[in-house]
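Here's the structure we're looking at; comments come further down.
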Amino acid sequence: MDGYALRTEKLNLYYGTMHALLSVNFKVFENSITSLIGPSGCGKSTLLRCFNRMNDLIDDVRMDGTIFVKEQDMEMLDIIELRKRVGMVFQRPNPFPFSVYENLIYGLKVHDIGSRKYKQETVERCLRAVGLWEDLKDKLSSPALNLSEETKQRLCIARLLTVEPEIILLDEPCSALDPIATLRVEELMVELKKNYTILIVTHNMQQAARVSDYTGFMLLGELVEFGETSQIFTSPKDKRTEDYITGRFG
Amino acid sequence: MIKKSFTKENFVKWVLTAFALSSLLFLFLIFAFILFEGLPLFLKIGLSKIIAGFKWAPTKGSFGIFPMIVSSFLVTFGALIIGAPMGLSCAIYLSEYSGKRMKMFLKPALELLAGIPSVVYGFLGVIYIVPLVRNYLGGSGFSLLSTSIILGVMILPTIISISFDALTSVPRTYREGSFAMGATKWQTIYRVVIPSAKSGILASFILGMGRAIGETMAVIMIAGNALRIPVSILDPLRTLTGNIALELAYATGDHRLGLFSTGVVLLVIIMILNYIANFGIKRKVIK
Ligand SMILES: Nc1ncnc2c1ncn2[C@@H]1O[C@H](COP(=O)(O)OP(=O)(O)OP(=O)(O)O)[C@@H](O)[C@H]1O
Ligand SMILES: [Mg+2]
């Protein structure tokens, strides 16, 4: 594999007095899918949100340690530029209450990119990338909120792709979807891996095993174990990882 | 024992229902009364001669209230031009930028603003705004401009509180989605939050208009009450509400009926505004 897309060094995070991340050393390889698993409240979302500084939106958050994006210290990066490079897909699909087309060109508008023609081409390219072009090409002006949950989530992924991120963070992207839609979105992720680096938080261990190349297991704010997915699921080194994946707790 | 408390519960329920219905009854009585008093003149003189008539000389048989209808709309739009940008800015500040402490201070201040009696606004208008307009812009100072300024301030609480509710009810996930794409705070507000709250914001403007068009006391103190259509913002004018308040005390016979006809027109306008605010706009939200 190539280098690291993301890396943390002794990352600590506090919500007020609550110590939510304990000296986390974590890495994500380029053009791979890495999943974060662990019981509820262990800090998976918190860690994920560090990578595009979404925690900045919350009052009373304190952080120390270092985060590297493509080996560049995150402190050195402009937050707007960072969020453009590191996009995020949320647990609940969150298209804006506009038309499909307006949703898709939102990022381009915000970053003041491209002519009308470029926007139209980008919309087509990104809808194709998420497998929605055939379904939506005649419905570009219909409201995005009327779509099915799966289509909304795909649309949100397409919306991210328009600004050409390098890394895509997904926080339980399938938890609002039915099993069949979940499988299809997983296929999409594998497809996207060719061009993007993907980090996914999931509650679903089968999902982690199915899609990811690397897996990190978290417990109570600590990154307990990190390694290749096959190794984590077949021969975990830590007792706590083993207990978790065999379903003994969590 | 159980049975007894049950009947007591029922009793409370019936008393409350009766009171609730009585407020509806009042609404009905007001409508019936105004229509009963106002309609006969419409039948006698004709609808068009009243609402499209230019001359108001009720003792000589002319009941044209067109200039007043125009004037009422002019002050209402004037109030909106002043109150809408201020009110919306304030609501945006409150919902998006202000800290908790500022909010705790601003919200009661706004409630106070809403609670100030309109005669006080009128008084302030006469003492400060009217001379200011007279000295710097000319005319008597009793004018469309002065009235619009005072009404613009008076409708602020309505616009702010309803817009604020609309803005704060925009889901957090929309904002997160926008920030996560690298939008700045202001881009998020004006490209996502405001469009998402559009219908609530429009409703606040319409309800503000309803408040402005119905305002009476402050208006008669500042508007100058002249019986013609103003041609400049410095001209005096008379509104529908002002007409009723000024003349009712001494009006008799057809004159009195003419004032009730003015009331009918006012009532219809306010009903239309309320209808737009409550149904025309809200239905879109549900869609
Ligand atoms: N905004 C916040 N303020 C205070 N504490 C928070 C906040 N967000 C999360 N926490 C706490 O931090 C810890 C980690 O939360 P986080 O959301 O990262 O967990 P998670 O692993 O994503 O859980 P889940 O699987 O339920 O999504 C939890 O104990 C949570 O209560
Ligand atoms: Mg989470």
Protection proxy (average C-beta count within 10 Å per residue), highest first, orders A:176-182, B:208-214, A:129-135 as B:208-214, A:129-135, A:176-182
Ranked by GNM mean-square fluctuation in chain A (Cα springs under 10 Å), the top entry among A:V61, A:V86, A:V123 is A:V61
Ranked from fewest to most other Cβ atoms within 10 Å of their own Cβ, A:F96, B:F73, A:F217 fall in the order B:F73, A:F96, A:F217
Projected area averaged over all directions for the convex hull of the alpha carbon atoms of chain A, nm², comes out at 13.5 nm²
Ranked on Cβ counts within 10 Å of their own Cβ, fewest leading, A:I198, A:I80 go A:I80, A:I198
Across B:K185, B:K103, B:K13, the residue with the highest GNM fluctuation in chain B (Cα network, 10 Å cutoff) is B:K13
When chain A is treated as a Gaussian network with springs between alpha carbons less than 10 Å apart, the largest mean-square fluctuation among A:S23, A:S175, A:S115 is found at A:S115
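I want to verify the translational diffusion coefficient of segment A:116-250 in µm²/s; compute it with Stokes-Einstein, Rh as the Kirkwood radius over Cα pairs, at 10 °C and 1.306 mPa s.
Numbers: Rh = 16.6 Å.
D, rounded to a whole number, is 96 µm²/s.
Divide by every residue of chain B the summed helix terms, -39500 (n - 2.57) for each DSSP H run of at least 4, and state the resulting mean residue ellipticity at 222 nm, rounded to the nearest 500 deg cm²/dmol.
On the way: 15 runs with 203 residues, N = 287.
The helix contribution divided over chain B gives -22500 deg cm²/dmol.
Among all helices in chain B defined by DSSP H, which have a length of 20 Å or more along the axis from Cα atoms plus a Kyte-Doolittle mean of at least -1.0?
Working: long enough: B:2-45 (65 Å, 1.32); B:66-92 (38 Å, 1.87); B:100-115 (23 Å, 0.23); B:198-214 (24 Å, 1.05); B:253-275 (33 Å, 1.35).
Correct list, ordered by number: B:2-45, B:66-92, B:100-115, B:198-214, B:253-275.
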Here the tail fraction of P(r) beyond 28 Å, over all Cα-Cα pairs of chain B, rounds in percent to 51 percent
What the Cα atoms of segment A:1-94 span along the principal axes, largest first and in whole Å, is 37, 28, 28
Sorted largest first, the Cα spans of the protein assembly as shown on the principal axes come out in Å as 102, 74, 48
Rounded to the nearest 500, the 222 nm mean residue ellipticity computed for chain A from DSSP H runs (n ≥ 4, each -39500 (n - 2.57)) alone is -10000 deg cm²/dmol
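Values in this text are rule-based calculations from the coordinates and carry no lab data. This structure is a prediction, so every number in the text was calculated from the model and none was measured. Here the Cβ is made from the backbone with ideal geometry for all residues, glycine too, and neighbour counts use every protein chain on show.
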